[in-house]
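The values are calculated or read from the model by the stated rules, or taken from the named source; none is laboratory data. As the structure is a prediction and not an experimental result, all values here were calculated from the model. Neighbour counts run over all protein chains shown; Cβ positions are idealised from the backbone, glycine included. Side chains included, ligands, DNA and RNA excluded: accessible areas come from the protein's heavy atoms. Shrake-Rupley method; radii C 1.70, N 1.55, O 1.52, S 1.80 Å.
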Amino acid sequence: MQILVTNDDGVQAPGLLALAQEMRKLGEVTVLAPDRNWSASGHVKTMHKPLRVHDTRLADGNPALTSDGAPSDCVALALLGLVKDIDLVVSGINPHANIGDDVTYSGTVTAALEAVLGGVPGIAVSVHTTSAFQGERDYGSSARAARRVAELVIANGLPPRLALNVNVPHLPDEEIKGWRVTRQGVRIYKDELVVMHDPKGKPFYWIGGEYPTAHLDEGSDYYAIEHGYISVTPLQLDMTNHKALTDLQEWKFTP
Ligand code: MN
């Protein structure tokens, strides 16, 4: 079993270390992860500049590869032949939940989607903390959850063009209530335009605002993690709205 481990927070992120250590219990692990933080970078294919790959080491001394590309670039580089015979790609562990509409922004999730595009099962793993959480995260329970999902994917396989998005409450194992297979929910973003001015008086902008919440719909990813369950959402690349596909047939496109 050859497992590629990547993330969107950068190769030295503690969540990646915890994930790589846990995946080593299942097979041979290669780490190829970005050299910086790409959180909320979306699904990237770098085509306008060359990509570099360097050797590095994780904090536990194990060798790793790092690239100046995005998380999805790291997966593409590996699957296109930089790493031989990958059976599974696992991305994370992201220090914030990736739920609802986050999946289009998330570098963690898009790394798993890139794996699927390359014909290999992909799993994205994130830990859910409340917005008020301060201090260092414990990735123990989320790493063990990632290993359990990976074991099941290895045992059962995944249908083609399907990725798993796993979100784990930031709780000790004994306080996690169990598992829920969920649908992607709906985020409530609280983004605000923050305008500032440079020394020459020209405006520049931040997309600021409070940490998002989400609709607490039963059966959704957010509902599960808010109630102490590990959420496993099967994601597909086909974003077609099938109801609208029928409705739009009624439109007269030719005037
Ligand atoms: Mn991130």
Next on the checklist: Beyond 20 Å, how much of the Cα-Cα pair distribution for segment 1-74 remains, as a whole percent?
Outcome noted: 26
Checklist entry - How long is segment 8-141 along each principal axis, judged by its Cα atoms, biggest number first, in Å? => result 41, 33, 25
Item to check | Carbon/sulfur fraction of accessible area - segment 96-212, other protein chains in place, 1.4 Å, % | outcome: 55
Checklist entry - How big is the equivalent ellipsoid of the chain along its three axes, where each semi-axis is √(5λ) from the Cα gyration tensor, reported in whole Å from largest to smallest? => result 27, 24, 22
Checklist entry - What are the residues whose amide H is under 5 Å from the amide H of I230, where those residues sit 5 or more places off or on another chain and H is modelled from the backbone? => result K177, G178, W179, R180
Next on the checklist: Which aspartates and glutamates, if any, have their Cα less than 20 Å from the Cα of K243, not counting same-chain residues under 8 positions apart?
Outcome noted: D101
Checklist entry - Taking segment 57-116, how much of its Cα-Cα pair set, in percent, is spaced more than 17 angstrom apart? => result 46
Checklist entry - Over all Cα pairs of segment 202-251, how is the pair count split among 10 Å bins, expressed in % and running from 0 up to the last occupied bin? => result 17, 24, 29, 22, 8
Item to check | Normalised alpha carbon radius of gyration of segment 124-185 [divisor 2.2 N^0.38 Å] | outcome: 1.23
Checklist entry - Is any residue of segment 174-214 close enough, with backbone N under 20 Å, to a label point placed 7 angstrom from the Cα of S131 along the Cα-Cβ axis, and if so, which? => result 185-195, 206-214
Next on the checklist: What three numbers, in Å, describe the spread of the alpha carbons of segment 106-155 along their principal axes, ordered from the longest?
Outcome noted: 39, 24, 12
Checklist outcome for this item: For segment 38-43, in residue order, the Karplus 3J(HN,Hα) values (coefficients 6.51, -1.76, 1.60; θ = phi - 60°; whole Hz; Gly and Pro = x) are 10, 4, 6, 9, x, 8
Checklist entry - How much space per residue, in cubic angstrom, does the convex hull of the C-alpha atoms of segment 156-248 take up? => result 206
Checklist outcome for this item: Of 84-94, 190-200, 123-133, ordering from highest average Cβ density within 10 Å down gives 84-94, 123-133, 190-200
Checklist entry - Over the Cα atoms of segment 169-211, what Rg and Dmax result, in angstrom? => result 19.6, 56
